[in-house]
Amino acid sequence: MAFADSCSRPAGASKGSDAAEGTRKYLLGGNWKANGTVASCEKIIAEFNGAGPIPANAEAVVGVPFIHIPICLQSLRSDVEIAAQNCSLTGTGAYTGETCASQLKDMGVTWVILGHSERREGFGMAGEDSELVAKKTKMALSEGLKVMICIGEKKEEREAGTTMDVCAEQLKPCAEILSKEDWANVSIAYEPVWAIGTGLTATPEMAQETHANIRQWVADNVGADVAAAVRIQYGGSMKGANAEGLLAQPDIDGGLIGGASLTLDFFNCINAVPSP
Ligand SMILES: O=C[C@H](O)COP(=O)(O)O
């Protein structure tokens, strides 16, 4: 039996972060990207605050722009954690324009999203490579932040059959520099680039296959214990209407949700986690 088969849980089973119990708690992350005004933040915060409870077998976190972190920390319900969408590789000091992990931690931020495909691409500037993402991950973890590491293939890479090669290349520098203790505070967000913001979602079966392969890769290259415990979120046009099918898959431990997290539909995704 492949490792991923042996540590996957039956659809609908409870997940938690306690690998010894064979459970992983669902992690539903939102990513607001560079969207929002103070007024729109206040509106969505009020909507989230009025939404129902978060299921006991799920955790929720929203990645908000740096400038909106204070209002979210002040006003957003306390059971939704706050993530930054990036942090610098530097500590504090003469690094104009950077925001470092220790400053985020000091402010009350608990998570950071690193290696998002948009940052890897660079939007017209030099993009971030996997070595930089790994170094930033190590820095963030050392400052006490938890990290969602984003990986995923482009359309042409999937068509060429190299999806897992790409994911492995992106994870390799992390496997080289993170300790097993570090991995306890890491979640892998598998986001096929062709599905981000396009309305094209990987089918549950397609996503499950890649998630299982990623878990197997972690087992082979980091350790079976880490592979059993690490959460692997799916990202790419996830929304309330398709979340249930994705989250029912044995190796899909949550989502990283872009557009839908800017609306109350984020809570439809949260509420789509299978019952314990
Ligand atoms: O980080 C989130 C992903 O980029 C997914 O974005 P999306 O849900 O708008 O496709």
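The values are calculated or read from the model by the stated rules, or taken from the named source; none is laboratory data. In this text the structure is predicted, and so the values were computed from the model without any measurement. Here Cβ is always computed from backbone atoms with ideal geometry, including for glycine, and neighbour counts include all displayed protein chains.
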Expected single match for closer than 19 Å to ALA51 by Cα, charged (D, E, K, R), at pLDDT 95 or above and in contact with a Lys or Arg (Cβ under 6 Å, 6 or more places away or on another chain) among ASP265, ASP251 is ASP265
Determine if the range 92-100 includes at least one residue that is among the polar types (S, T, N, Q) and part of a helix (DSSP H, G or I). no
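Consider SER88 carefully, then state whether it is more than 16 Å from the ligand (Cβ to nearest atom), out of contact with any Cys (no Cβ under 8 Å at 6 or more places or on another chain) and of a type in the set (Ser, Thr, Tyr).
Numbers: more than 16 Å from the ligand (Cβ to nearest atom): yes; out of contact with any Cys (no Cβ under 8 Å at 6 or more places or on another chain): no; of a type in the set (Ser, Thr, Tyr): yes.
No, not satisfied.
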All-but-one check, LYS33 against (1) within 16 Å of the ligand (Cβ to nearest atom); (2) of a type outside the set (Phe, Trp, Tyr); (3) surrounded by fewer than 21 Cβ atoms within 10 Å (Cβ to Cβ); (4) more than 17 Å from the chain's Cα centre (by Cα), failing number (4)
Checked ILE113, ILE82 against criteria (out of contact with any Phe, Trp or Tyr (no Cβ under 9 Å at 6 or more places or on another chain), under 23 Å from GLY255 (Cα atoms), touching a residue at least 24 places away in the same chain (Cβ under 8 Å) and within 16 Å of the ligand (Cβ to nearest atom)); the one match is ILE113
Within the range 123-160, the count of residues that are under 17 Å from THR210 (Cβ atoms) and either surrounded by 22 or more Cβ atoms within 10 Å (Cβ to Cβ) or charged (D, E, K, R) (or both) comes to 12
For LYS25, are the conditions met, namely being at pLDDT below 95, within 19 Å of the chain's Cα centre (by Cα) and closer than 14 Å to ASP253 by Cβ?
no
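How about the range 41-67: which of its residues are in a strand (DSSP E or B) and among the hydrophobic types (A, V, I, L, M, F, W, C)? I'd like the intermediate steps shown before the answer.
First pass over the range 41-67, keeping only residues in a strand (DSSP E or B): 58-63.
Of everything in the range 41-67, those that are in a strand (DSSP E or B) and among the hydrophobic types (A, V, I, L, M, F, W, C) turn out to be ALA58, ALA60, VAL61, VAL62.
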Considering the range 116-151, residues that are assigned to a loop (DSSP other than H, G, I, E, B) and within 16 Å of the ligand (Cβ to nearest atom), and then whichever is nearest to the chain's Cα centre (by Cα), we arrive at HIS116
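Answer yes or no as to whether THR163 is more than 14 Å from the ligand (Cβ to nearest atom), surrounded by 23 or more Cβ atoms within 10 Å (Cβ to Cβ), in contact (Cβ under 8 Å) with a residue 12 or more places away in the chain and more than 17 Å from LYS25 (Cβ to Cβ).
On the way: more than 14 Å from the ligand (Cβ to nearest atom): yes; surrounded by 23 or more Cβ atoms within 10 Å (Cβ to Cβ): no; in contact (Cβ under 8 Å) with a residue 12 or more places away in the chain: yes; more than 17 Å from LYS25 (Cβ to Cβ): yes.
In short, no.
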